[in-house]
Amino acid sequence: MLSTKTEYAIRGLVELAGAQEKRPVAVREVSKRQNLPAKYMEHIFKSLKSAGILKSIKGAAGGYILQKSPDEISLQEIMSAIAEEPVSLNCHGREGIREYCVGLPCDFLSVWIEIEKELENHLAEIKLSRFIVNNEERI
């Protein structure tokens, strides 16, 4: 299940990808068009910029543009940029590991790690362009 933060990031990126003439788009404009909270989107866009997914343009006609092609931006990259874990199926890396496992080492840990890697690989294959195509088909 994708978080609201991930959904908002994808919706914002799709909006930027569809911007006419690839002009910079202000966060407030993206928020208004997608009916998303502007302050929250500012935070998300800053994270996406720090990760190299977005580029900001300063000035009166400024805003954000995609730093890469939608074919080069993966869902896994987006989720990593906004500090979302793609999946949390195991106790690996959690504080208080004894609260999650009956014994140490966890007998299921190798299976959980395998599932996580498979999911991360799949998310790396899903590109932003796929969301754009789906959005265009809906309109």
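FYI, it's all coordinate maths here, none of it is from the lab. It should be emphasised that the depicted structure is a prediction, and the values quoted were computed from it without experimental measurement. Because the Cβ atoms are built from the backbone with ideal geometry, glycine has one as well, and the counts that use them run over all protein chains shown.
List of remarks:
- Fewest-first ordering of Leu75, Leu2 by other beta carbons within 10 Å of each residue's beta carbon gives Leu2, Leu75.
- Computed extension length for Glu29-Ser110: 24.6 nm, one decimal, from 0.36 nm per residue of separation with the Cα-Cα distance subtracted.
- If you take all other residues with their beta carbon under 13 Å from the beta carbon of Gly52, and give Lys and Arg +1 and Asp and Glu -1, the sum is +2.
- Counted charge near Asn121, where neighbours are those whose Cβ lies closer than 14 Å (Asp, Glu -1; Lys, Arg +1): -4
- Arranged from fewest to most other beta-carbon atoms within 10 Å of their beta carbon, Phe131, Phe108, Phe45 become Phe108, Phe131, Phe45.
- Each of Tyr40 and Leu119 was given a label point 7 Å from its Cα along the Cα-to-Cβ line. The distance between the two points is 2.2 nm.
- Taking a sphere under 10 Å around the Cβ of Asp71 and counting the other residues whose Cβ falls inside, with K and R at +1 and D and E at -1, yields a net charge of +2.
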